[in-house]
Amino acid sequence: MSKNSKIFLGICYLLILSVFLYFIFTSVEVNRLKDFSYYKELQSNLNIYISNNTLINLFYFFVFAIIWVSLLGFGSPLLIASGILFGQWLGTLISVLSISIGALILYSIGIFFFQEIIKKILEEKFRKYIQLFQKNEFYYFFIYRFIGGLGIPFFLQNLLPVLFRMKKINYFFSSLFGFIPSFFIINTVGAGLNSYIEQADDFNLFDLMLTPKIYFPILMFIGFMILSLIIKKKFFDVRN
């Protein structure tokens with residue numbers, strides 16, 4: 001494919017991204033974001049809508065999540081949303097599958113359209129990790145996903161393997177299995193938020209934090225972060 005064709009397709013991709021984000025953010029009633037009753041209305045309407053046809057809504061979320069991640073979207077809002085909509089178990093399953101596929105699509109787009117740009121921006125900064133990944137790309141990328149991507153923004157996490165041309169099958173399955181622990185914790189928080197909004201009459205941060213369905217996954221998250229720091233030091237501290 002010629003350089004001009006790649007530029008044209010790249011511009012089309014950016015235009016689609018802009019339109020998609022505009023559609024998402026203009027659908028929110030910004031003037032009601034401070035009104036707790038707005039969230040209760042949304043929660044009630046969503047529960048009714050989801051329960052009427054769970055399978056079709058799982059499909060809608062699946063497709064939406066793939067598109068969102070492939071268009072450089074953040075992962076955390078999707079995880080909270082999947083927990084709110086589908087609960088901790090089903091939400092974890094659907095988010096792990098869809099986000100892994102979306103990340104793979106973004107990685108493929110990065111290789112095809114933006115490989116030189118990505119190398120120019122990221123190669124020097126992450127040079128110390130490239131040789132490490134190349135030793136065993138599946139093993140180290142699995143650990144990289146497991147510990148949250150070394151604190152790198154999610155869309156950059158998905159594009160980093162462009163620097164060492166990781167095999168797509170290794171990329172997908174190491175992401176799929178590496179995502180599970182952290183995705184489960186965040187989905188559990190989302191499910192807890194859904195339960196709190198349903199039961200509370202007004203928002204109170206103190207009451208929210210004392211809700212078992214909230215503080216238990218937060219404690220899990222803190223423990224997971226400590227474990228991630230230990231694993232990061234062991235496997236990604238290039239001074240070792």
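The values are calculated or read from the model by the stated rules, or taken from the named source; none is laboratory data. It should be emphasised that the depicted structure is a prediction, and the values quoted were computed from it without experimental measurement. Neighbour counts run over all protein chains shown; Cβ positions are idealised from the backbone, glycine included.
Could you say whether any residue in the stretch 133-144 is assigned to a loop (DSSP other than H, G, I, E, B), of a type in the set (A, V, I, L, M, F, W, C), in contact (Cβ under 8 Å) with a residue 24 or more places away in the chain and out of contact with any Lys or Arg (no Cβ under 9 Å at 6 or more places or on another chain)?
no
Please find, among Ile66, Ile105, Ile101, the residue that is surrounded by fewer than 17 Cβ atoms within 10 Å (Cβ to Cβ), of a type in the set (Val, Ile, Thr), touching a helix residue (DSSP H, G or I) at 6+ places or on another chain (Cβ under 7 Å) and closer than 18 Å to Ser175 by Cα.
Only one candidate qualifies: Ile105.
Name, by its number, the condition in (1) surrounded by fewer than 19 Cβ atoms within 10 Å (Cβ to Cβ); (2) in contact with a Lys or Arg (Cβ under 7 Å, 6 or more places away or on another chain) that does not hold for Ala191.
Ala191 satisfies every listed condition except (1).
Which residue is surrounded by the most Cβ atoms within 10 Å (Cβ to Cβ), if the candidates are limited to the stretch 172-188 and must be under 28 Å from Glu116 (Cβ atoms) and touching a Phe, Trp or Tyr at 6+ places or on another chain (Cβ under 6 Å)?
Taking the candidates together, the pick is Ser174.
Any residue that is in contact (Cβ under 8 Å) with a residue 60 or more places away in the chain, within 24 Å of Val19 (Cα to Cα) and not aromatic (Phe, Trp, Tyr) - is there at least one of those in the stretch 53-68?
No, every residue in the stretch 53-68 fails to be in contact (Cβ under 8 Å) with a residue 60 or more places away in the chain, within 24 Å of Val19 (Cα to Cα) and not aromatic (Phe, Trp, Tyr).
Determine, yes or no, whether Met225 is assigned by TED's automatic domain parsing to the domain that holds Phe86 and either hydroxyl-bearing (Ser, Thr, Tyr) or in contact with a helix residue (DSSP H, G or I) (Cβ under 7 Å, 6 or more places away or on another chain) (or both).
No: the conditions fail for Met225.
For (1) part of a helix (DSSP H, G or I); (2) of a type in the set (Lys, Arg); (3) modelled with pLDDT of 85 or more; (4) in contact with a helix residue (DSSP H, G or I) (Cβ under 8 Å, 6 or more places away or on another chain), each residue gets a yes or a no:
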| residue | (1), (2), (3), (4) |
| --- | --- |
| Leu150 | yes, no, no, yes |
| Phe155 | yes, no, no, yes |
| Ile169 | yes, no, yes, no |
| Ile186 | yes, no, yes, yes |
| Glu198 | yes, no, no, yes |
| Leu208 | yes, no, no, yes |
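Here's the yes/no breakdown for (1) crowded, with 19+ Cβ neighbours inside 10 Å; (2) among the acidic types (Asp, Glu); (3) in contact with a helix residue (DSSP H, G or I) (Cβ under 6 Å, 6 or more places away or on another chain):
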site: Ile111; (1), (2), (3): no, no, yes
site: Arg127; (1), (2), (3): no, no, no
site: Ile130; (1), (2), (3): no, no, yes
site: Gln134; (1), (2), (3): no, no, yes
site: Phe146; (1), (2), (3): yes, no, yes
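Any residue at all in the stretch 125-147 that's closer than 27 Å to Met225 by Cβ, within 13 Å of the chain's Cα centre (by Cα) and in the same structural domain as Gly192 (by TED's automatic domain parsing)?
For the stretch 125-147, residues closer than 27 Å to Met225 by Cβ, within 13 Å of the chain's Cα centre (by Cα) and in the same structural domain as Gly192 (by TED's automatic domain parsing): present.
When both residues are 6+ apart or on different chains and their Cβ atoms are under 9 Å apart, which pairs have a first residue that lies in the stretch 160-182 and is on the phi > 0 side of the Ramachandran plot, and a second that is surrounded by fewer than 21 Cβ atoms within 10 Å (Cβ to Cβ)?
The qualifying pairs are Arg165/Ile111; Arg165/Gln115.
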